[in-house]
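Peer 1: The structure under discussion is supplied below as structure tokens; questions concerning it will follow.
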Amino acid sequence: MSNTEESGRSATEERFVLRGVTRNVFVLGLVSFLNDISSEMLYPLVPIFLTAMLGAPAVAIGLIEGVAEATASLLRVVSGWYADRLRRRRPLIVGGYAVSAFSKPAIGLAASWPAVLALRFADRFGKAMRNPARDALIADSTPTAYRGRAFGFHRSLDSAGAIVGPLAALALLPAFQEDLRPIFLFAFIPAVASVALLFLVRERQRAVPTRAPFPTLTLKGFGRPFKAVLLVVALFSLGNSSDAFLILRAQDLFARDLESGAIAAGPLAIFGSNVLGLSTAMAVLAYVLYNIVYTLGATPAGMLSDRLGRRGIVIVGFAIYAVVYAGFALVTGSAAIWVLFIVYGFYIAMTEGVLRAYITDLSPTQARATGLGVYYTAVGLASFAASVLGGALWTYVSPVATFAFGGVMAVVAAVVLLVAVPRVNGSRPR
């Protein structure tokens, strides 16, 4: 039995809630929505919390984001392999979300940036534990013809949480007189709710061919297209430094223009006259715009990849990323920040879910979570280098250098994907 046939047969046993979206995928989407409300209440605030309240330099932000992602990423391939070996997904998913949930309020109690580093690692550790198993369960629960749609739907709900989360943080800011610490405690509420919702997920014992080899921690059995896409992802991720630098760049430009009188507070005057509070609110709102575009675009992008193939959609996404990073490198006023964040949303919509579907297409069915774990590990290790390098370039050269390097690497990755990877639609090479 082929991988496609086996996947399609087991997936069709699941009940559809929406066209191409099974019950498990729908519930996992709601889980990600709630968890992302929690995470994104904090994510745009963390770089500002580190610099303004804990006195951390920009290079420390790169180190925190890079070390947390890279160290935890080493677990992702192991957790993916273990999910295949265990032949169950839910225990790892529940455990991973629980670890992340309890790390979030602790960040608000940190007194130094090294403590934030340890807690960010715990949060990423939980993400590494759950993501390969969760994405494999999405693939297990979905017929092959709807795989891009399912991953796109999941990313849409995930990013919808990234709209609600920052807005919730903004609503709380005035109440706490610009003290960011209590917001970390409020973020614990949706995180716990996401863990509770996981008990609605139903998992059947996966059918594995009798003579299928037992999953091993090697790339044996993964074809050349999988390895080529993995190389492309690593190249791109090497220049894809943390979004914390985008937020920091936006906040810097907003603060400068507020101080010079080039822009007025307008309705955001509810946050007071303090430049830090106003510029923080503007940066968070720009980040919300990015997530609105991501939410609206992820499902259509996934559906388009089901029809036209994954490769072309990803290449366009990389090209958009390069344009946006060039914009962040060259922009001199804050007015352009709003446009750049909106366009940036199209990049993430066209790559996040589509790349996960792409990796799933190219992985053997019995090693699906392992393939996703390898993908996450490659992204995480390259992101470690990207964030540390991005922080060093920002601190010792200029912010322009951080964004210029990211844009160049996106172009390189797009060219390699176009030249070295055969066009693939679903699981069928063309």
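The values are calculated or read from the model by the stated rules, or taken from the named source; none is laboratory data. Not measured: the values here are computed from a predicted model. For neighbour counting, all protein chains shown are included, and Cβ atoms are generated from backbone atoms with ideal geometry for every residue, glycine included.
Peer 1: Considering every residue within segment 302-313, establish whether at least one is under 23 Å from LEU157 (Cα atoms), in a helix (DSSP H, G or I) and in contact with an Asp or Glu (Cβ under 8 Å, 6 or more places away or on another chain).
Peer 2: Yes, there is a match, as at least one residue in segment 302-313 is under 23 Å from LEU157 (Cα atoms), in a helix (DSSP H, G or I) and in contact with an Asp or Glu (Cβ under 8 Å, 6 or more places away or on another chain).
Peer 1: Sort out which residues of segment 345-361 are crowded, with 24+ Cβ neighbours inside 10 Å and of a type in the set (D, E, K, R), and write them in order of number.
Peer 2: ARG356, ASP361
Peer 1: Any idea which of ARG134, ARG120, ARG149 is in contact (Cβ under 8 Å) with a residue 40 or more places away in the chain, closer than 30 Å to GLY55 by Cβ, part of a helix (DSSP H, G or I) and of a type in the set (Lys, Arg)?
Peer 2: ARG120
Peer 1: Then there's this: Quick one: which of PRO182, PRO190 is modelled with pLDDT under 90 and in a helix (DSSP H, G or I)?
Peer 2: Every option except PRO182 fails the conditions.
Peer 1: OK, next. Take the residues in segment 18-53 that are in a helix (DSSP H, G or I) and of a type in the set (Ser, Thr, Tyr); name whichever of them is farthest from LEU198 (Cα to Cα).
Peer 2: Among those that are in a helix (DSSP H, G or I) and of a type in the set (Ser, Thr, Tyr), it is THR51.
Peer 1: Which numbered condition trips up LEU92, out of (1) surrounded by fewer than 18 Cβ atoms within 10 Å (Cβ to Cβ); (2) closer than 24 Å to LEU219 by Cα; (3) of a type outside the set (S, T, N, Q)?
Peer 2: The single condition LEU92 does not satisfy is (1).
Peer 1: Give segment 334-358 a look and list any residue that's among the hydroxyl-bearing types (Ser, Thr, Tyr) and either in contact with a Lys or Arg (Cβ under 7 Å, 6 or more places away or on another chain) or part of a helix (DSSP H, G or I) (or both), or say none.
Peer 2: The answer is TYR344, TYR347, TYR358.
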